[in-house]
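In what follows, a structure is listed as C-alpha coordinates, so that the remarks can point back to it.
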Amino acid sequence: MNIVPLGPGFAAELRDVTIAEVASDDTAYAAVRAAFEEHSVLVFRGQEVTDESQLAFSRRFGPPEVTKVGSQGTGTHFVILTTIGEDGKVVPADHRLALRNKANQLWHTDSSFKRVPALTSVLSARIIPARGGETEYVSTRLAFERLQPALQQKLKTSFAWHDYAHSRGQIASDLASPEERAALPPQCWRLVWKNPVNGRSAIYLASHAYAVEGMDPAAGKELLDQLMDAATAAGTSYVHTWRGGDVVMWDNRATMHRGRPWPAHEARLMVRTTISATAADGLETMRPPSRQAAE
Ligand code: OGA
Ligand code: MN
(Lines give C-alpha, C1' and ligand atoms only; values in the text may rest on other atoms or scores of the structure.)
(Ligands and ions follow the chains in the order given, each with its own letter.)
Protein backbone atom coordinates (compact mmCIF):
# COMPACT_ATOMS: atom_id res chain seq x y z
CA MET A 1 0.00 0.00 0.00
CA ASN A 2 1.26 3.47 -0.92
CA ILE A 3 0.18 6.63 0.91
CA VAL A 4 0.17 9.75 -1.24
CA PRO A 5 -0.57 12.98 0.68
CA LEU A 6 -3.30 15.11 -0.92
CA GLY A 7 -4.27 18.06 1.27
CA PRO A 8 -2.63 20.72 3.45
CA GLY A 9 -1.44 18.47 6.30
CA PHE A 10 -4.21 15.88 6.07
CA ALA A 11 -6.00 13.68 3.47
CA ALA A 12 -4.20 10.99 1.50
CA GLU A 13 -4.75 8.73 -1.45
CA LEU A 14 -4.13 5.05 -0.77
CA ARG A 15 -2.71 3.24 -3.78
CA ASP A 16 -2.28 -0.47 -4.40
CA VAL A 17 -5.09 -1.44 -2.09
CA THR A 18 -8.73 -2.17 -2.93
CA ILE A 19 -11.86 -1.88 -0.84
CA ALA A 20 -12.42 -5.59 -1.50
CA GLU A 21 -9.04 -6.42 0.08
CA VAL A 22 -9.87 -4.36 3.14
CA ALA A 23 -13.19 -6.22 3.43
CA SER A 24 -11.55 -9.66 3.32
CA ASP A 25 -8.02 -9.26 4.65
CA ASP A 26 -7.08 -8.34 8.24
CA THR A 27 -3.64 -7.04 7.29
CA ALA A 28 -5.06 -4.71 4.63
CA TYR A 29 -7.68 -3.49 7.10
CA ALA A 30 -5.07 -2.80 9.79
CA ALA A 31 -2.95 -0.74 7.38
CA VAL A 32 -5.94 1.27 6.16
CA ARG A 33 -7.20 1.76 9.71
CA ALA A 34 -3.82 3.16 10.76
CA ALA A 35 -3.84 5.52 7.76
CA PHE A 36 -7.37 6.59 8.69
CA GLU A 37 -6.34 7.52 12.25
CA GLU A 38 -3.39 9.49 10.87
CA HIS A 39 -4.70 11.25 7.73
CA SER A 40 -8.45 11.69 8.51
CA VAL A 41 -9.55 11.59 4.84
CA LEU A 42 -8.68 8.61 2.63
CA VAL A 43 -9.21 8.42 -1.13
CA PHE A 44 -9.35 5.15 -3.06
CA ARG A 45 -9.44 5.44 -6.87
CA GLY A 46 -10.42 2.95 -9.54
CA GLN A 47 -12.51 0.74 -7.25
CA GLU A 48 -15.22 -1.72 -8.20
CA VAL A 49 -18.03 0.00 -6.38
CA THR A 50 -21.36 -1.63 -5.71
CA ASP A 51 -23.63 -1.21 -2.70
CA GLU A 52 -22.41 -4.61 -1.48
CA SER A 53 -18.67 -3.92 -1.88
CA GLN A 54 -19.04 -0.51 -0.24
CA LEU A 55 -20.95 -1.94 2.73
CA ALA A 56 -18.54 -4.87 3.19
CA PHE A 57 -15.63 -2.40 3.29
CA SER A 58 -17.45 -0.02 5.64
CA ARG A 59 -18.46 -2.73 8.12
CA ARG A 60 -14.80 -3.34 8.91
CA PHE A 61 -14.68 -0.05 10.78
CA GLY A 62 -17.66 -0.67 13.06
CA PRO A 63 -21.45 -0.96 13.14
CA PRO A 64 -23.21 0.58 10.13
CA GLU A 65 -25.89 3.17 10.81
CA VAL A 66 -29.44 2.54 9.70
CA THR A 67 -30.58 5.47 7.57
CA LYS A 68 -32.89 7.78 9.46
CA VAL A 69 -36.49 8.65 8.70
CA GLY A 70 -36.87 11.28 5.97
CA SER A 71 -33.67 10.43 4.05
CA GLN A 72 -33.55 8.44 0.82
CA GLY A 73 -32.55 4.94 1.82
CA THR A 74 -34.40 5.06 5.16
CA GLY A 75 -34.27 1.75 7.02
CA THR A 76 -31.26 0.49 5.01
CA HIS A 77 -27.50 0.97 5.53
CA PHE A 78 -27.31 3.38 2.57
CA VAL A 79 -27.93 7.12 2.30
CA ILE A 80 -28.69 8.20 -1.24
CA LEU A 81 -27.85 11.81 -1.99
CA THR A 82 -29.35 12.88 -5.27
CA THR A 83 -31.49 15.42 -7.04
CA ILE A 84 -32.97 12.79 -9.34
CA GLY A 85 -36.69 12.49 -8.58
CA GLU A 86 -38.91 9.41 -8.70
CA ASP A 87 -39.66 10.01 -12.39
CA GLY A 88 -35.93 9.77 -13.18
CA LYS A 89 -35.64 13.49 -13.93
CA VAL A 90 -33.60 16.10 -12.10
CA VAL A 91 -35.89 17.98 -9.71
CA PRO A 92 -36.29 21.79 -9.79
CA ALA A 93 -34.00 23.90 -7.57
CA ASP A 94 -36.74 24.57 -4.99
CA HIS A 95 -37.66 20.87 -4.58
CA ARG A 96 -37.07 19.24 -1.17
CA LEU A 97 -34.39 16.95 -2.62
CA ALA A 98 -32.48 19.93 -4.00
CA LEU A 99 -32.81 21.81 -0.70
CA ARG A 100 -31.47 18.76 1.16
CA ASN A 101 -28.43 18.74 -1.07
CA LYS A 102 -28.06 22.45 -0.37
CA ALA A 103 -28.02 21.70 3.35
CA ASN A 104 -25.10 19.34 2.72
CA GLN A 105 -23.25 22.34 1.31
CA LEU A 106 -22.98 23.79 4.84
CA TRP A 107 -19.80 22.77 6.69
CA HIS A 108 -20.63 19.81 8.88
CA THR A 109 -19.63 16.49 10.29
CA ASP A 110 -22.08 13.62 9.83
CA SER A 111 -24.48 12.42 12.53
CA SER A 112 -23.48 14.74 15.38
CA PHE A 113 -27.25 15.19 15.80
CA LYS A 114 -27.79 11.48 16.44
CA ARG A 115 -27.86 9.64 19.76
CA VAL A 116 -24.78 7.79 18.55
CA PRO A 117 -22.51 9.98 16.41
CA ALA A 118 -20.48 8.65 13.49
CA LEU A 119 -16.88 7.48 13.39
CA THR A 120 -16.59 7.50 9.63
CA SER A 121 -18.55 8.03 6.46
CA VAL A 122 -17.75 6.21 3.23
CA LEU A 123 -18.93 7.95 0.07
CA SER A 124 -18.96 6.88 -3.56
CA ALA A 125 -20.06 8.80 -6.63
CA ARG A 126 -22.41 6.90 -8.95
CA ILE A 127 -23.48 9.78 -11.24
CA ILE A 128 -21.10 12.73 -11.53
CA PRO A 129 -21.97 16.13 -13.04
CA ALA A 130 -19.67 17.49 -15.77
CA ARG A 131 -18.52 20.28 -13.51
CA GLY A 132 -18.95 21.19 -9.85
CA GLY A 133 -20.23 18.73 -7.26
CA GLU A 134 -16.86 18.31 -5.55
CA THR A 135 -16.70 17.46 -1.86
CA GLU A 136 -14.51 19.72 0.27
CA TYR A 137 -12.84 18.78 3.56
CA VAL A 138 -11.08 20.56 6.43
CA SER A 139 -9.18 19.08 9.34
CA THR A 140 -10.66 20.13 12.68
CA ARG A 141 -7.61 18.48 14.28
CA LEU A 142 -5.22 20.88 12.55
CA ALA A 143 -7.70 23.68 13.33
CA PHE A 144 -7.59 22.77 17.03
CA GLU A 145 -3.81 22.77 16.96
CA ARG A 146 -3.81 26.30 15.46
CA LEU A 147 -5.90 27.73 18.36
CA GLN A 148 -4.42 29.66 21.27
CA PRO A 149 -3.69 27.40 24.30
CA ALA A 150 -6.22 29.23 26.49
CA LEU A 151 -9.00 28.58 23.99
CA GLN A 152 -7.87 24.97 23.58
CA GLN A 153 -8.19 24.51 27.35
CA LYS A 154 -11.64 26.08 27.44
CA LEU A 155 -12.91 23.90 24.61
CA LYS A 156 -11.69 20.71 26.27
CA THR A 157 -14.22 21.26 29.06
CA SER A 158 -17.01 22.75 26.93
CA PHE A 159 -20.04 21.03 25.40
CA ALA A 160 -22.15 22.04 22.42
CA TRP A 161 -25.73 21.20 21.46
CA HIS A 162 -26.39 19.75 18.00
CA ASP A 163 -29.77 19.63 16.29
CA TYR A 164 -30.63 18.41 12.79
CA ALA A 165 -33.51 20.90 12.62
CA HIS A 166 -31.04 23.74 13.24
CA SER A 167 -28.85 23.01 10.20
CA ARG A 168 -31.88 22.36 7.97
CA GLY A 169 -33.46 25.57 9.25
CA GLN A 170 -30.59 27.53 7.73
CA ILE A 171 -31.86 26.45 4.28
CA ALA A 172 -35.66 26.48 4.83
CA SER A 173 -37.62 26.77 8.07
CA ASP A 174 -39.64 23.60 7.42
CA LEU A 175 -36.91 21.46 5.79
CA ALA A 176 -36.73 19.22 8.86
CA SER A 177 -40.11 17.46 8.93
CA PRO A 178 -42.15 16.87 12.10
CA GLU A 179 -41.17 13.16 11.90
CA GLU A 180 -37.48 14.04 11.72
CA ARG A 181 -37.76 16.50 14.62
CA ALA A 182 -39.51 13.89 16.73
CA ALA A 183 -36.92 11.20 15.88
CA LEU A 184 -33.89 13.44 16.35
CA PRO A 185 -33.93 15.42 19.63
CA PRO A 186 -30.93 17.74 20.24
CA GLN A 187 -27.72 16.06 21.44
CA CYS A 188 -24.92 17.46 23.59
CA TRP A 189 -21.27 16.62 22.87
CA ARG A 190 -17.89 17.79 24.06
CA LEU A 191 -16.43 20.43 21.73
CA VAL A 192 -13.19 18.46 21.45
CA TRP A 193 -12.83 14.85 20.34
CA LYS A 194 -9.56 13.32 21.46
CA ASN A 195 -8.39 10.46 19.29
CA PRO A 196 -7.67 7.52 21.63
CA VAL A 197 -5.05 6.05 19.24
CA ASN A 198 -2.76 9.05 18.83
CA GLY A 199 -3.98 11.41 21.57
CA ARG A 200 -4.55 14.27 19.14
CA SER A 201 -7.56 16.50 19.76
CA ALA A 202 -9.96 17.93 17.18
CA ILE A 203 -12.72 20.52 17.35
CA TYR A 204 -16.04 18.66 17.19
CA LEU A 205 -18.26 21.06 15.29
CA ALA A 206 -20.92 21.08 12.57
CA SER A 207 -23.67 23.14 10.98
CA HIS A 208 -25.90 21.24 13.41
CA ALA A 209 -24.31 22.94 16.46
CA TYR A 210 -26.42 25.82 17.80
CA ALA A 211 -25.54 26.44 21.45
CA VAL A 212 -22.80 25.97 24.01
CA GLU A 213 -23.87 24.40 27.30
CA GLY A 214 -23.82 26.95 30.15
CA MET A 215 -23.22 29.99 27.91
CA ASP A 216 -25.90 32.51 27.07
CA PRO A 217 -27.23 31.95 23.55
CA ALA A 218 -25.55 34.96 21.91
CA ALA A 219 -22.13 34.28 23.46
CA GLY A 220 -22.38 30.58 22.61
CA LYS A 221 -23.27 31.32 19.02
CA GLU A 222 -20.39 33.77 18.81
CA LEU A 223 -17.97 31.09 20.02
CA LEU A 224 -19.36 28.53 17.54
CA ASP A 225 -19.08 31.07 14.70
CA GLN A 226 -15.51 31.89 15.72
CA LEU A 227 -14.59 28.19 15.73
CA MET A 228 -16.32 27.61 12.39
CA ASP A 229 -14.31 30.47 10.84
CA ALA A 230 -11.06 29.18 12.36
CA ALA A 231 -11.73 25.61 11.20
CA THR A 232 -12.57 26.60 7.63
CA ALA A 233 -9.91 29.30 7.09
CA ALA A 234 -8.88 29.92 3.48
CA GLY A 235 -6.17 27.61 2.18
CA THR A 236 -6.79 24.83 4.71
CA SER A 237 -9.12 22.58 2.70
CA TYR A 238 -8.78 19.56 0.43
CA VAL A 239 -11.25 19.59 -2.48
CA HIS A 240 -12.08 16.17 -3.88
CA THR A 241 -13.04 16.16 -7.56
CA TRP A 242 -15.00 12.95 -8.17
CA ARG A 243 -14.23 10.35 -10.81
CA GLY A 244 -16.02 7.08 -11.43
CA GLY A 245 -14.60 4.35 -9.18
CA ASP A 246 -13.69 6.77 -6.37
CA VAL A 247 -14.40 5.90 -2.76
CA VAL A 248 -13.65 8.52 -0.11
CA MET A 249 -13.84 7.90 3.62
CA TRP A 250 -13.40 10.47 6.37
CA ASP A 251 -13.07 10.68 10.11
CA ASN A 252 -16.15 12.48 11.42
CA ARG A 253 -14.33 13.07 14.72
CA ALA A 254 -11.57 15.14 13.13
CA THR A 255 -12.91 16.76 9.95
CA MET A 256 -15.77 18.77 8.51
CA HIS A 257 -16.94 18.55 4.93
CA ARG A 258 -19.37 20.20 2.55
CA GLY A 259 -20.66 19.45 -0.91
CA ARG A 260 -19.88 21.99 -3.62
CA PRO A 261 -22.64 23.22 -5.92
CA TRP A 262 -23.12 22.02 -9.49
CA PRO A 263 -25.40 23.19 -12.32
CA ALA A 264 -28.98 22.61 -11.10
CA HIS A 265 -30.12 20.79 -14.27
CA GLU A 266 -27.33 18.17 -14.05
CA ALA A 267 -27.76 14.82 -12.32
CA ARG A 268 -25.58 13.76 -9.40
CA LEU A 269 -25.99 10.61 -7.31
CA MET A 270 -23.85 9.71 -4.31
CA VAL A 271 -24.16 6.72 -2.00
CA ARG A 272 -22.98 6.91 1.59
CA THR A 273 -22.48 4.30 4.26
CA THR A 274 -21.93 5.59 7.78
CA ILE A 275 -20.28 3.80 10.70
CA SER A 276 -21.26 4.60 14.28
CA ALA A 277 -18.61 5.55 16.82
CA THR A 278 -18.00 3.11 19.68
CA ALA A 279 -16.24 3.31 23.05
CA ALA A 280 -12.99 2.29 21.34
CA ASP A 281 -13.26 5.41 19.17
CA GLY A 282 -13.52 7.67 22.24
CA LEU A 283 -17.31 8.00 22.21
CA GLU A 284 -17.78 7.86 25.99
CA THR A 285 -15.41 10.79 26.55
CA MET A 286 -17.72 12.95 24.44
CA ARG A 287 -20.79 12.82 26.68
CA PRO A 288 -21.44 15.50 29.30
CA PRO A 289 -20.54 14.09 32.76
CA SER A 290 -24.17 14.07 33.94
CA ARG A 291 -25.12 11.76 31.09
CA GLN A 292 -22.26 9.30 31.17
CA ALA A 293 -23.89 7.16 33.82
CA ALA A 294 -27.42 7.50 32.49
CA GLU A 295 -26.85 6.24 28.92
C1 OGA B 1 -22.24 13.39 2.84
C2 OGA B 1 -22.13 14.76 2.32
C3 OGA B 1 -21.54 16.06 0.40
C4 OGA B 1 -21.51 15.82 -1.06
O5 OGA B 1 -22.24 12.45 2.03
O6 OGA B 1 -22.29 13.22 4.05
O7 OGA B 1 -22.21 15.70 3.06
O8 OGA B 1 -20.55 16.26 -1.69
N9 OGA B 1 -21.88 14.86 1.02
O10 OGA B 1 -22.46 15.21 -1.56
MN1 MN C 1 -22.22 14.91 5.16
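The values are calculated or read from the model by the stated rules, or taken from the named source; none is laboratory data. As the structure is a computational prediction, the values presented were derived from the model and not from experiment. Reconstructed Cβ throughout: ideal geometry from the backbone, glycine too, with neighbour counts over all protein chains shown.
Can you tell which of SER237, SER167 is in contact with a Gly (Cβ under 8 Å, 6 or more places away or on another chain) and either more than 20 Å from SER139 (Cα to Cα) or hydroxyl-bearing (Ser, Thr, Tyr) (or both)?
Selected residue: SER237, the only one of SER237, SER167 that is in contact with a Gly (Cβ under 8 Å, 6 or more places away or on another chain) and either more than 20 Å from SER139 (Cα to Cα) or hydroxyl-bearing (Ser, Thr, Tyr) (or both).
What number of residues within the stretch 91-128 satisfy the criterion of being within 11 Å of ligand 1 (Cβ to nearest atom) and among the hydrophobic types (A, V, I, L, M, F, W, C)?
Counting residues in the stretch 91-128 that are within 11 Å of ligand 1 (Cβ to nearest atom) and among the hydrophobic types (A, V, I, L, M, F, W, C) gives 8.
Looking only at residues that are aliphatic (A, V, I, L, M) and in a strand (DSSP E or B) in the stretch 128-175, which one is farthest from GLY244 (Cα to Cα)?
ALA160
Among VAL41, VAL79, which is the only one that is touching an Asp or Glu at 6+ places or on another chain (Cβ under 8 Å), at pLDDT 95 or above and within 16 Å of ligand 2 (Cβ to nearest atom)?
VAL41
Being β-branched (Val, Ile, Thr) and more than 29 Å from ASP94 (Cα to Cα) is true for just one of THR278, THR274. Which residue is that?
THR278
Tally the residues that are in a helix (DSSP H, G or I) and farther than 20 Å from ALA277 by Cβ, restricting the search to the stretch 1-32.
9
Whether any residue in the stretch 232-254 is within 15 Å of ligand 2 (Cβ to nearest atom) and basic (Lys, Arg) is what I want to check.
yes
Can you say whether THR241 is among the polar types (S, T, N, Q), modelled with pLDDT of 95 or more and touching a strand residue (DSSP E or B) at 6+ places or on another chain (Cβ under 8 Å), as far as the supplied structure shows?
Here the answer is no, as THR241 does not meet what is asked.
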